[in-house]
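J.: I have a structure here, written as structure tokens, and I will follow up with some questions on it.
The values are calculated or read from the model by the stated rules, or taken from the named source; none is laboratory data. Computed from a prediction, not measured in an experiment: that's the story for all the values here. For accessibility, only protein heavy atoms count, side chains too; no ligands or nucleic acids. Shrake-Rupley method; radii C 1.70, N 1.55, O 1.52, S 1.80 Å.
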Amino acid sequence: AIWDWDMRTDTLWWSEGFATLFGFDLAAVTPSVALWASHIHPDDREATQARVFAAIERGEDQWANEYRFRRADG
């Protein structure tokens, strides 16, 4: 699953594989950081978001992590 966040425009892009894997219809939903965060498993959400923002603070241009992500159908 691949996604990319353009922080300058605050837009999120999901690969077709991401949409297929997690059951999202790209024609029906607009990827957003809020939607992404709301689908991270509650037990993983705080740590995952902290790692993303820590990478941003360090000026990294890439980030990778493993976490549980809820499918569109729950």
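J.: Mind checking the full-extension length gain between D61 and L26? Use 0.36 nm per residue of separation minus the Cα-Cα distance, one decimal, nm.
T.: Full-extension gain reported as 10.1 nm.
J.: Taking the Cα centroid of region 35-60 and of region 1-26, what is the distance between the two, rounded to the nearest whole Å?
T.: 15
J.: Report the Cα-based extents of region 4-56 along its three principal axes, largest first, to the nearest Å.
T.: Dimensions of region 4-56 along the principal axes of its Cα atoms: 31, 28, 16 Å.
J.: Then there is this: Hey, can you grab everything whose amide H is under 5 Å from the amide H of W63? Only 5+ residues off in sequence or another chain; H modelled, so Pro and N-termini drop out.
T.: none
J.: Counting only protein heavy atoms, what percent of the accessible surface of the chain is carbon or sulfur at a 1.4 Å probe?
T.: The nonpolar share, carbon plus sulfur, comes to 50 percent.
J.: Test of understanding: what is the full-extension gain from R70 to D6, defined as 0.36 nm times their sequence separation minus their Cα-Cα distance?
T.: Taking 0.36 nm per residue and subtracting the Cα distance, the gain is 20.8 nm.
J.: Then there is this: Given a cut-off of under 8 Å on Cα pairs at least six residues apart, what relative contact order in percent is computed for the chain?
T.: Averaging sequence separation for qualifying contacts and normalising by length gives 29 percent for the chain.
J.: Oh, and also: Calculate one ³J(HN,Hα) per residue across region 23-33 by plugging θ = phi - 60° into the Karplus curve 6.51 cos²θ - 1.76 cosθ + 1.60, and present them in order as whole Hz with x for glycine and proline.
T.: Calculated HN-Hα couplings, in order: x, 8, 9, 4, 7, 10, 10, 9, x, 8, 5 Hz.
J.: Here's another thing I want to ask about it. For region 26-68, what's the radius of gyration and Dmax over Cα atoms, in angstrom?
T.: 11.7, 35
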